[in-house]
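Note sheet for the following structure.
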Amino acid sequence: MNCRKCLKLVEDYIDARIECATRVSIEAHLTSCDACRERFEQTGRLLLSLQELGNNSASVDVWPGVRERIAALDPSGRAARPRPRFRLISVPTLAVTVAALVITFLATEFGSRGPQPGLQRPDAEYLQYVQAYSQFQSNQSLDAGPMKVVVELSREKVWRGE
Amino acid sequence: MGGFTDEVIVERVLNGEIDAFGVLVERYQDRIYSAITNYVGSGEDAVDLVQDTFVKAFVGLKSYQGAAAFYTWLYRIGMNTAIDFLRKRPATRVASLDDDYLRESGYEPAAKDPLSNPERSVQDRIFKEALAASILKLSPKLKTALVLHDVEGLSQEEVAQVLKCPVGTVKSRVSRARIELRSMLGKYFESGVQP
């Protein structure tokens with residue numbers, strides 16, 4: 001047993017985790033080696049002090065406080081805290097949703113008005129107008145039936161979107 | 001009910017006898033208090049943390065499957081509670097030798113007889129206060145292993161169950177913690193201030 005081996009076994013010696021034969025060797029070495037003996041003594045004192053730190057005791061009985069908190073738990077075992085049955089929508093989310101609805105409404109209501117690009121496919125009214133006008137060209141009479149149709153039609157908005 | 005085993009009492013609590021849990025609280029509150037006090041360095045904080053520990057234990061009692069001893073399971077909850085407490089607390093408070101949590105927590109020096117050796121009692125107290133302050137400076141892993149093994153007296157196997165790590169890891173951490181403590185307290189050994 002030399003100092004290097006002995007110091008490696010300090011912990012196991014103090015924790016009583018070595019064989020009897022090894023313990024005897026260590027103790028024999030300690031009788032003749034001041035440095036190793038001092039290390040063993042320091043470690044022993046340190047551990048004794050650590051053990052004494054474990055003598056703390058709670059100055060109060062914690063059970064009443066624990067009992068009270070347990071009683072406040074809901075049946076599921078969690079802390080009794082009221083929870084809403086539905087999830088509330090946050091204000092920013094609600095604002096965005098409302099704005100989107102408004103924009104959609106406005107686009108639907110007013111977006112279809114106004115002149116559409118491209119040629120209009122002639123509808124029935126417009127065809128009536130053309131027919132009446134061509135007859136007017138030949139009749140030259142405002143009171144003629146077809147012209148009456150033209151006048152009436154001219155007052156209406158034929159073009160979609162106007 | 002004081003003579004029943006922990007497992008029997010747990011069974012009764014799970015069957016609805018809430019007051020039976022009080023037996024477990026009374027049985028282990030001092031041990032949990034001691035471990036948490038030495039871990040966080042404050043007896044006042046430790047009382048709240050002990051309460052938190054037992055409430056968490058009650059809520060999670062269904063998950064206790066009996067594979068390990070009840071008190072190792074309880075220690076695990078306690079140490080995790082203490083670790084979370086320190087993690088959330090602002091890291092501005094540094095343990096100093098002026099910290100008086102030993103007195104606050106009701107610690108009494110070993111030598112009470114004033115006729116024995118007053119000077120030795122004072123030296124003993126100084127050393128223990130320095131020791132307590134040094135423990136607070138250890139890393140969480142080393143501190144947990146040291147507090148459970150050297151302060152609370154749990155075996156390496158029991159500490160391994162609490163920390164859910166190999167026994168060899170526990171042994172290594174305890175050894176490193178002791179080396180660091182001896183390094184921090186070197187002047188007390190050199191100057192002859194001995195417990």
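The values are calculated or read from the model by the stated rules, or taken from the named source; none is laboratory data. The structure presented is a predicted model; accordingly, all values stated were derived computationally and were not measured. Methodologically, a virtual Cβ is constructed for each residue, glycine included, from the backbone with ideal geometry; neighbour enumeration extends over all protein chains shown. Accessible surface is based on the protein model in full, side chains and every heavy atom, while ligands, DNA and RNA are left aside. Shrake-Rupley method; radii C 1.70, N 1.55, O 1.52, S 1.80 Å.
Worth pointing out:
- Taking the Cα centre of the range B:129-195 as origin and assigning +1 to Lys and Arg Cβ atoms and -1 to Asp and Glu Cβ atoms, the resulting dipole is close to 300 debye.
- Each of A:Val98 and A:Val60 was given a label point 7 Å from its Cα along the Cα-to-Cβ line. The distance between the two points is 4.9 nm.
- Solvent-accessible area buried by A and B, counting both chains, probe 1.4 angstrom, square angstrom: 3500 Å²
- Spatially, the range B:1-73 and the range A:1-29 are offset by 38 Å when compared through their Cα centroids.
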